[in-house]
Structure formats: structure tokens, C-alpha cells
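See below for the structure under consideration.
The values are calculated or read from the model by the stated rules, or taken from the named source; none is laboratory data. Here the structure is a predicted model, which means the values were calculated and not measured. Neighbour counts run over all protein chains shown; Cβ positions are idealised from the backbone, glycine included. In case anyone asks, the SASA skips ligands and DNA or RNA and just uses the protein heavy atoms, side chains included. Shrake-Rupley method; radii C 1.70, N 1.55, O 1.52, S 1.80 Å.
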Amino acid sequence: MKALEWLGNTLRILNQTKLPVEIVYRDAVSYQDVAEAIENMEVRGAPAIGAAAAYGFALGALEYQGDRDGLSSFMELVQDRLEATRPTAVNLFWALRRMEDRFRECREIEDLSEVRRVLIEEADRIAEDDRRMNRLIGKYGNEIVPEKANILTHCNAGALATVEYGTALGVIRAAHEAGKGIHVYADETRPFLQGARLTTMELLRDKIPVTLIADSMAGYLMQQGKIDLVIVGADRIAANGDTANKIGTYSVAVLAHAHGIPFYVAAPTSTIDLKVASGQEIPIEQRPDDEMRECFGVQTAPAEVKVYNPAFDVTPAKYITGIITEKGIVVAPYSVNLLKLMVRS
Ligand code: MRU
């Protein structure tokens, strides 16, 4: 099951808001379609958002009707619209920057169809890089997974959150493929239920043993000795290692620390943002109130109740045992080691 697929001049997006009940696709033919799909969380997960935005940028060039002179200002509008969709995952800005750089390199090319070809090629490369990085994250991550591990994960950092394979679930997949007796506890991940709806579905499809728990059960399971390891994904990693991920990740990290359980973050280097010194500078998205008052159309709270709905939180670096990337595993001191990692080819 693919989160997104490029069909030549259309981006086919699996509408994840309908999973696991229905399989519905949006065939995006414009950059506005892609922007809407990201905003509505039809496509979600940091690397998948980045790749979708890259194709959205290419779609902008495809749909442009004017002459060559007007293309640059149109592409600025396209980029602004796509950048305004979701603020926390840095992969969105990383991918759009790559597309922007590639577009700038086309300034001498007069032929619009050649510019479009170059942009589609760059979006394909971003998607291909993500596939490759996730496999490597799986390979490195497998080294820290013990035999017969019970692994807790939060949200969905799987194939559905990436172009393929996943980051946290990529590590879990690699360990399972290596024959280690893996069992996963999946936090349901209120309020959007990415764990309940997406992570369990992915793991069941791959025949990886999984048990669904409510977020509030994680501490109890740790106290009972039922969790050996926690692995989560990331939306943005600051230069000092502080990591933004789905709301609730911080609570899991503190619990893991209190119980002496290793807590790993798995993410490609496209999620590392050295321009942000610490987690305090990471913008945290606020989602619509109704996501808290309703659960997929069913009212679960008084319609008039006041709501607070931050979509992400920041886990301080001191709670993170290691960050698993496609270049290897980074440990503290993160300020030094993340910088070294990023300059290494
Ligand atoms: O709001 P979402 O579903 O986009 O949030 C997703 C997460 O927080 C993931 O853990 C993160 O993006 C990593 S995905 C490989």
C-alpha cells in the first residue's frame, strides 16, 4: 500500500483519513489539490508530506498556462501555498527548497516542457532518496533491536508516512525480516488515531505481531516489564537533538526514562534542522478544535467545549538514547554529533 504514486501527470494520493475502513485515492492534478491533501492529512507523516509537496511543485509547473517570463512568479505562489500547509515537519520545507534550487538552475532553459521534465525528475529523485534512506535506517536500526523484543511505538512512522518502508516501522520491519521475534505495542495516538488506524494495519499486513493499546496504558505496560524498547519517528530534530514528533511522544519518552527503557528516534537526515538551535524554536501546529470534539464524524464531547489541540510535542534530547539515520546512529552529545553527521557525505 503506497501513500503516494506519480502517474505521469497526476499524483495519486491514498486518502489516509479513510483508513482502515475504506481505500480511497485522490488523483491530484494541481498544486492546490496536493496542498489540500496535506492540510486535511490525507497524506501525512513528515517524509511523505515532503515528497507529496515536491510533486505538488512539479504539478504547478505542469498546470501553468502562461509564457516563460511569468513562470518564476507563478512558482513562487505555488511554493508559498505548499509551504503554508503544515508548519512542523521540516521535510516539507527541505523538499520544497530542493525543488526551488532545481527550478533556479533552469533559468537559462526557454522550453517550458524541458523545465517541467527537470522538475518531475527532481521530485522523483526526492522520492527515490526517501526509499533508499528508509532501507538504510532499517539496516542500522536493526543493530539495536534485541532478539524477542517487545517494542512500543507512537503514531505512524511507517510506509504510509514515507514513500516506502518507513522509519520507526522500517527498523521494526528490518528486525522482523532478520528473524528476531518482534512484537509491537502500538499506541492508538489520540486524537487522530494514526497508531490505531494505520500502524496496526501496516503491521497486520506484514504479519508482524502487534497489540493495540490506548496511549494512557503505556506507563502501566512499562511498569509490568512488558516493553524492552521504544522507537518513534520525528517531524523535526533541532541541532541539539530535541525532537518534535506526534503529540504524546514526550510523555512516552519520560516514561521510558523513568523505567530505564531505551528510547530511539528513527528519521532520515532530511528531518534534521540545524537552523533550529533547540526544540523551543520548533513551530508546533495547532489542529482544528473539532478533531477533539469529534472522532471521525461521531461527537465525543459537548459541541461548545473549549479545546486545545497541539499536533506535536518536543522530546528533550536528554531522553533520547539515540537517533537512527540513514548515515548511522547518533548519540549524545547531539550538538556535536548531529553537526558531524550532517557534514559527512
Ligand atoms: O500529524 P502526522 O500524522 O503527519 O504526524 C506524523 C508523525 O508525527 C510521525 O511520527 C512523523 O512524521 C514521522 S513519519 C516517518
Using Cα pairs under 8 angstrom and six or more residues apart, how large is the relative contact order of the range 130-285, in percent?
24 percent
Evaluate the charge dipole of the chain about its Cα centre and quote only its size in Debye, nearest 20, assuming +1 on the Cβ of each Lys and Arg and -1 on the Cβ of each Asp and Glu.
1280 debye
Got a sec? Charge dipole of the range 81-177, +1 on Cβ for Lys and Arg, -1 for Asp and Glu; which of Ala168, Leu92, Pro146 is way out at the positive end?
Pro146
Distance between modelled label sites at Lys18 and Ala258, nm, 7 Å Cα→Cβ extension
4.2 nm
Label model pair Gln32, Glu5: point-to-point distance (7 angstrom along the Cα→beta-carbon line) in nm is 2.7 nm
What whole-number distance in Å separates the alpha-carbon centres of the range 302-330 and the range 22-83?
26 Å
Which FRET efficiency value, to the nearest 0.05, is calculated for Asp124 and Asn309 with the Förster distance at 35 angstrom and r the Cβ-Cβ distance?
0.50
Over all directions, the range 143-343 yields a Cα convex hull whose mean projected area in nm² is 11.5 nm²
Output the 0 to 90 degree angle, nearest 10, between the alpha-carbon long axis of helix 90-104 and the longest principal axis computed from the alpha carbons of the chain.
20 degrees
What angle do you read, to the nearest 10 degrees and between 0 and 90, between the alpha-carbon axis of helix 168-177 and the longest principal axis of the chain?
70 degrees
Å² per residue, accessible surface of the chain at 1.4 Å
42 Å²
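So what is the relative contact order for the chain, in percent, with contacts set as C-alpha pairs under 8 Å and at least six apart?
The value is 16 percent.
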For the range 127-193, Kirkwood radius (reciprocal of mean inverse C-alpha pair distance, Å):
12.1 Å
Dipole of the range 3-86 [Lys/Arg +1, Asp/Glu -1 at C-beta], most positive-end residue of Leu11, Phe57, Tyr31:
Leu11
Let me know the whole percent of all Cα-Cα pairs from the chain that are separated by more than 39 Å.
12 percent
Carbon and sulfur: what percent of the chain's accessible surface (1.4 Å probe)?
51 percent
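Quick check on the range 4-134: what does the Kirkwood estimate of hydrodynamic radius come out to from the alpha carbon pairs, in Å? If you can, show how the numbers build up before the last one.
Numbers: mean 1/r = 0.0684 Å⁻¹.
In the range 4-134 this quantity evaluates to 14.6 Å.
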So if I place +1 on the C-beta of Lys and Arg and -1 on the C-beta of Asp and Glu, and nothing else carries charge, what would the dipole magnitude of the range 4-134 be about its Cα centre? I want it in debye, nearest 20.
480 debye
What number do you get for the range 209-261 when its Cα radius of gyration is normalised by 2.2 N^0.38 Å, N = residues?
1.21
Could you point to the residue in Val307, Gln224, Gly248 farthest towards the positive end of the range 143-343's charge dipole, with +1 and -1 charges on the Cβ of Lys/Arg and Asp/Glu respectively?
Gln224
Ellipsoid equivalent to the range 199-307 - semi-axes via the Cα gyration tensor, in Å
25, 23, 16
Could you pull out every residue, at least 5 positions away or on a different chain, whose amide H is within less than 5 Å of the one on Phe312? Hs are placed 1.01 Å off N in the peptide plane, and Pro or chain starts have none.
Ile247, Glu285
